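The block underneath contains the structure these notes are about, expressed in structure tokens.
The values are calculated or read from the model by the stated rules, or taken from the named source; none is laboratory data. Treat the numbers as computed from the prediction; the structure is a model and nothing was measured. Reconstructed Cβ throughout: ideal geometry from the backbone, glycine too, with neighbour counts over all protein chains shown.
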Amino acid sequence: MLAMRQVQLFRNNGFLRLPNRLPPALVEDLKVAIMADIAGEVEPVVRNRDGRAVRISALMDRAPIFREAAAHPSALDPLESLLGPNIEVLINRHNHATLRTSGENKRDALHRDVKQWTRNIFTIIFYLEETTVENGCTRIVPGSHHFPGVPMSIHNSDWARDVLGQALPVPMPAGGMLVIDSMVIHGPGENHTDDTRMSMTVGYHSVDELMDIPNPKRLLVRGEGVYNGNDESGKRQKQPRMNADEWREAGKYGMGARTRAVARVGEG
């Protein structure tokens, strides 16, 4: 769990280096799994201008190691201090791993993960290789999550152009984790080395206590699904939850299988 001063620092600045790292063995297994899917061009993938696969998407439907990392106590314990006891992983935001090289440098890389307050999320970037200023560590504009929402790109907003030059580099060790408020302005730096910079990005938010049906785009990774609406039923209802073994098993067969498995849990 985080200390109150760490929570306050996150609320003020919009980001926080998590106190612990992923175990080295888990980091190595993640790197092997990522490189295997990139080498095999296992879809869905994102390619660079040369046609090379540099990002794999839909991690939660790939090898179980990705779900193990997303639900690791080193990530979820501090997240509980920020999101509460009931935490979900998002399937339709982030959920990818990236191999960044000097060929992937982009201008105007600073961005927000969400544009408005209607659905803010917290993002954890899992750094599987050391990131430095030289190889393009994440840059963040501290406190920019307090600024207004934007209809499109922040680069088209007058107020944003005034603050983009305030972005600070955030170097991270291999196995380190950085949690950010997804309204904060951030982005990758430029890689000026011949080495790679590998990372995994996962989005989280609290269980929606006003949603009375399970959402197939969400995976419950801690706590329980609860319903606290004051509509006609007026009752606190629990959404069905798969345990870790059921989640891993369903993940072998894709989201459709996982959704059906959640429904079966709800019928039990």
Filter pass, GLY189 being modelled with pLDDT of 85 or more and out of contact with any strand residue (DSSP E or B) (no Cβ under 9 Å at 6 or more places or on another chain):
no
Condition check: closer than 21 Å to ASP37 by Cβ, buried (at least 18 other Cβ atoms within 10 Å of the Cβ) and of a type in the set (Asp, Glu). Does GLU129 satisfy that?
yes
Check on PRO64, surrounded by 14 or more Cβ atoms within 10 Å (Cβ to Cβ), farther than 16 Å from THR98 by Cβ and not polar (S, T, N, Q):
yes
When the range 1-27 is checked residue by residue, the ones that are loosely packed, with under 15 Cβ neighbours inside 10 Å and free of Cβ contacts under 8 Å to residues at least 24 places away in the same chain are ALA3, MET4, ARG5, GLN8, ARG11, ALA25
Within the range 148-183, restricting attention to residues that are part of a helix (DSSP H, G or I) and of a type outside the set (A, V, I, L, M, F, W, C), which residue is surrounded by the fewest Cβ atoms within 10 Å (Cβ to Cβ)?
ASP158
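Filter the range 196-222 down to the residues that are within 24 Å of LEU26 (Cβ to Cβ) and modelled with pLDDT under 90, then identify the one that is surrounded by the fewest Cβ atoms within 10 Å (Cβ to Cβ).
So the residue we want is THR196.
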Considering only the range 70-92, I want to know if a residue exists there that is in the same structural domain as THR193 (by TED's automatic domain parsing), closer than 17 Å to MET200 by Cα and hydroxyl-bearing (Ser, Thr, Tyr).
yes
Out of everything in the range 203-220 that is touching a residue at least 24 places away in the same chain (Cβ under 8 Å) and in contact with a Gly (Cβ under 7 Å, 6 or more places away or on another chain), what residue ends up being farthest from ASP77 (Cα to Cα)?
ASP212
Residue, surrounded by the most Cβ atoms within 10 Å (Cβ to Cβ), within the range 67-88, restricted to residues that are among the polar types (S, T, N, Q) and under 13 Å from PRO19 (Cβ atoms)
SER74
Would you mention how many residues in the range 83-120 are over 26 Å from ARG52 (Cα atoms), of a type outside the set (S, T, N, Q) and modelled with pLDDT under 80?
2
